[in-house]
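Structure first, then comments.
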Amino acid sequence: AQRVTQPEKLLSVFKGAPVELKCNYSYSGSPELFWYVQYSRQRLQLLLRHISRESIKGFTADLNKGETSFHLKKPFAQEEDSAMYYCALTKGGSEKLVFGKGTKLTVNP
Amino acid sequence: EAGVAQSPRYKIIEKRQSVAFWCNPISGHATLYWYQQILGQGPKLLIQFQNNGVVDDSQLPKDRFSAERLKGVDSTLKIQPAKLEDSAVYLCASSFNRVNGYTFGSGTRLTVV
């Protein structure tokens, strides 16, 4: 069965510092990986997906199949990046999203 | 476009009572999902509909949970009878296709006392 692991429950950085939110997955096939974000008092929303290779709000994530990882990175964190971040995957051909437990990012001034 | 609408936003009930949640997906989205998010955990899929048919309900506790999407648009999720461990946020989401991802509603926060 597929599983998503986010090893850090909490992550705190200072404004302007680099940030990396870790995500590892277990799935034997070819998954599609996503990052979702939930800002305070807002609904869960898609941040980025690996297939589009895009950068959203300065965040990027690279799928590393060898290490089964999909870490989220940003070179210079901003206070407005403070939020809950969830890594998720779907297995090829399915729409069912499997989520990790999430990492709460706090960016301090 | 209008987002995914859910109601109520909050609900407090006693154990063994019943409760129902409602979801109105984005117009044109054929796929609708109900997720359960317990405090400190990521969302867990309860049931997935494609139009008015069930695609996946493997993690739905069918002895107490039920869901329907009769006309392929709105959906209701019911719990009867509720247990303390059902306290969670119940999220509804809809999607047009896999590529574009899901759109989530604001959720219903259920507290069972």
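The values are calculated or read from the model by the stated rules, or taken from the named source; none is laboratory data. These numbers were taken from a predicted model, which means no experiment stands behind them. Here the Cβ positions follow ideal geometry from the backbone for every residue, glycine too, while neighbour counts run over all protein chains shown. Ligands, DNA and RNA are stripped out before the accessible areas are found, and what is left, the full protein with its side chains, is counted by its heavy atoms. Shrake-Rupley method; radii C 1.70, N 1.55, O 1.52, S 1.80 Å.
What are the ³J(HN,Hα) values, in whole Hz, obtained from phi via the Karplus relation 6.51 cos²θ - 1.76 cosθ + 1.60 with θ = phi - 60°, for each residue of the stretch B:70-79 in sequence order, with x given for Gly and Pro?
4, 9, x, 10, 5, 9, 10, 10, 10, 10
Taking the Cα centre of chain B as origin, sum charge times position over the Cβ atoms of Lys and Arg (+1) and Asp and Glu (-1), and report the length of that vector in debye to the nearest 20.
Using only the charged Cβ atoms, the result is roughly 220 debye.
What figure in square angstrom, to the nearest 10, would you give for the accessible area of A:LYS91 with a 1.4 Å probe?
Its accessible surface works out to 80 Å², give or take rounding.
So how do B:SER75, B:SER7, B:SER18 rank on accessible area, 1.4 Å probe, biggest first, that is with the largest at the start?
I get B:SER18, B:SER7, B:SER75, largest accessible area first.
Rounded, prolate or oblate for the stretch A:7-59? Axes are the square roots of the Cα gyration tensor eigenvalues, ordered a ≥ b ≥ c, and the cut-off for rounded is a/c under 1.5.
prolate
Would you please give the residues with an amide H less than 5 Å from that of B:LEU46, counting only those at least 5 places away or on a separate chain, with H modeled from the backbone geometry?
Here the answer is B:TRP34, B:TYR35, B:GLN36, since their amide H atoms fall under 5 Å of that of B:LEU46.
Looking only at other chains, what is the average number of their beta-carbon atoms within 10 angstrom of each beta-carbon in B:29-36?
Average neighbour count from other chains, rounded to a whole number: 1.
Have a look at the DSSP beta bridges in the stretch A:9-109 and tell me what percent are antiparallel, nearest 5. Don't skip to the answer; put the middle values down first.
Values: 25 of 30 bridges.
Beta bridges within the stretch A:9-109, antiparallel portion: roughly 85 percent.
Any chance you could check the Cα centroid distance between the stretch A:34-109 and the stretch B:16-49 for me, in angstrom?
Rounded to whole Å, the Cα centres lie 21 Å apart.
Rounded to the nearest 10 Å², what accessible area does A:GLU79 have for a 1.4 Å probe in the complete protein model?
In the full protein context, A:GLU79 sits at about 80 Å².
Over the Cα atoms of the stretch A:3-108, compute the convex hull volume and normalise it per residue, giving Å³.
Hull volume over Cα atoms, normalised by residue count, gives 93 Å³.
For the stretch A:32-47, just list the computed ³J(HN,Hα) in residue order, Karplus coefficients 6.51, -1.76 and 1.60, θ = phi - 60°, integers in Hz, with x standing in for Gly and Pro.
Once rounded to whole Hz, the list reads 10, 10, 9, 10, 10, 10, 10, 6, 4, 6, 10, 7, 5, 9, 5, 9.
Looking at the square roots a ≥ b ≥ c of the eigenvalues of the Cα gyration tensor of chain B, which shape do they give, rounded for a/c under 1.5, prolate if a/b is larger than b/c, or oblate?
prolate
Got a sec? What order do B:SER106, A:SER40 fall in by accessible area at 1.4 Å, biggest, i.e. largest, first?
Greatest to least solvent exposure: A:SER40, B:SER106.
Would you rank B:LYS62, A:LYS96 by solvent-accessible area, highest first, keeping every protein chain in place and using a 1.4 Å probe?
On the way: B:LYS62 115, A:LYS96 40 Å².
Listed by decreasing accessible area, they come as B:LYS62, A:LYS96.
Rounded to a whole number, what % of the accessible area of chain A do carbon and sulfur atoms account for, probe 1.4 Å?
49
Along the stretch A:72-82, what does the Karplus equation 6.51 cos²θ - 1.76 cosθ + 1.60 (θ = phi - 60°) give for ³J(HN,Hα), rounded to whole Hz, x for Gly and Pro?
For the stretch A:72-82, the Karplus curve yields 9, 10, 8, x, 9, 6, 10, 4, 6, 7, 4 Hz.
Long-range amide H contacts for B:GLU68: which residues qualify at under 5 Å (H placed 1.01 Å from N, peptide plane, sequence gap of 5 or more or a different chain)?
Result for B:GLU68 returns B:THR76.
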